[in-house]
Amino acid sequence: MDRNQSTSVSENKCGFALLAATVLLSACQSPAERQPQREPILSTGAKNDPDTANAHFHVGELIAQGPINKEQLFALALRQSTGLDAIEERALASQEAALASGAMPEPKVSWTEPFDEVETRVGPQDRRFEVSQALPWFGALESDIRSAEASARAASTSVHMGERALLARIDTLLWRGALYRQTAQLEESRIALFESISSTIDGRYRTGNAEYADLLRSRSEIERAIERKDAALDQVNKTEVQLRRELGLVRGAPLPEVTLHASPEGALAFDTKRINGDLGNSPTLIRLGHLAEAAKERQERVAFDRKPELTVGAFLVDTGLADNPATSGSGQNASGIKISFTLPIRTDKYDAQERSARHQVRALRKERLDQLLALEGQVSLALEDLAAANRRRTLITSSLLPRAQEILDTTRAGYSSGRATYQDLVSAGNSQIGLEIELVRAEVEREFARITIETHLGRSTASLDALAPSSTLEN
């Protein structure tokens, strides 16, 4: 082998070595690939909870069980809610995007085959092969990972928000249905009461001790009570329609029978200091915090975009034999390295990106503060509603209702003996039934306030059910 051939072989080996080095550089691991065991950000949720995986979620099976508790109904709702499914799918999409973040840019490989050979001093160029790899600045990929993971955590928090909102709506509908159902029952009691009163009036009318107009008015009271009962049952039907929608059931599908227990008095004595501390656990505030964190990372990412991006590579030119083999370097393959920089000279673009990210961070922080103030106001209003409902409940049970019953009994006896008028009798009957309805309403309003407080504080709306109930409302 002559000297020229030896040099050509040596240079070809050098060229292939450069190509091999570039390929190895392209295969270097990114920060994301160096963490193959990154934990999923989205928790399994209620749909995959092992504690509820073997529970009876089929509606027919739940109905066959007889009365169930709210936890079983909640488990059914979490399994069947299509709206919650959509939120979870979006969160999973965000999680997969986070797992894909932080990867190195893909290497570029090119193969050039000219239509006509390009004649050079050392021979015709048959083909050209190149490999290149862009190298991000240290910290740029880590910033991408942190931003994507913060966005994924925000999406995961949205799932928890969706779950709590769904359960709060179902809990509210259950208590509203119980209110209207018991209202209908009390209106039935009003009907029976006035039918009894009408019978008394009819007896006195036959003896000439009552006016015929009193008899007609008593019948009118019965008809009004029937209308109020029917209106309450209409509201029950509307509530059931909404409940089927939240449970993902078709129209007209039977609903499970749910037994509701009014919360004990002591369970609703919320500590103001504890509430102020728990407001920070609100999913709404947590989600906005994650979004602000992601926006902050995007703002810092602009600093890396301002720097020139380095791309390194290698090339190999396959050169055929020259026409004149005696020429120095005849048939030698050309090889070498290639270095390029992407120059970020459009500074206005990066300035605008940085300002946009900065405004986004400020907006999210101010929105979080605004939401905190709104939550404080809503919880304070709910506490006021709770206190007012407790006062009405205590007043009705301890004083008004027993007194109204006594007045009704006394008035009925007085009307039979002629010492009380018909109007006194009607007023006493309506007052007694009205107070019973007001007591049920106060009980339900206490539960509405509890649901509002628990939801805003990021707690489960069923967290108080394990305590001993003071009274029972059957749904």
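Every number here is computed from the coordinates shown, using simple stated rules; none is lab data. The shown structure was predicted, so the numbers you read here are calculated from the model rather than taken from an experiment. Please note: Cβ atoms are built from the backbone with ideal geometry, for glycine as well, and neighbour counts cover all protein chains shown.
Just check segment 211-258 against the gyration tensor rule for me: Cα atoms, a ≥ b ≥ c as the square roots of the eigenvalues, rounded for a/c under 1.5, and otherwise prolate or oblate depending on whether a/b exceeds b/c.
prolate
Based only on other Cβ atoms within 10 Å, what is the fewest-to-most ordering of PHE138, PHE129?
PHE138, PHE129
When the Karplus curve 6.51 cos²θ - 1.76 cosθ + 1.60 is applied with θ = phi - 60°, which whole-Hz ³J(HN,Hα) does each residue of segment 151-167 get, with x for Gly and Pro?
5, 5, 5, 5, 5, 5, 5, 4, 5, 5, 4, x, 5, 5, 5, 4, 5
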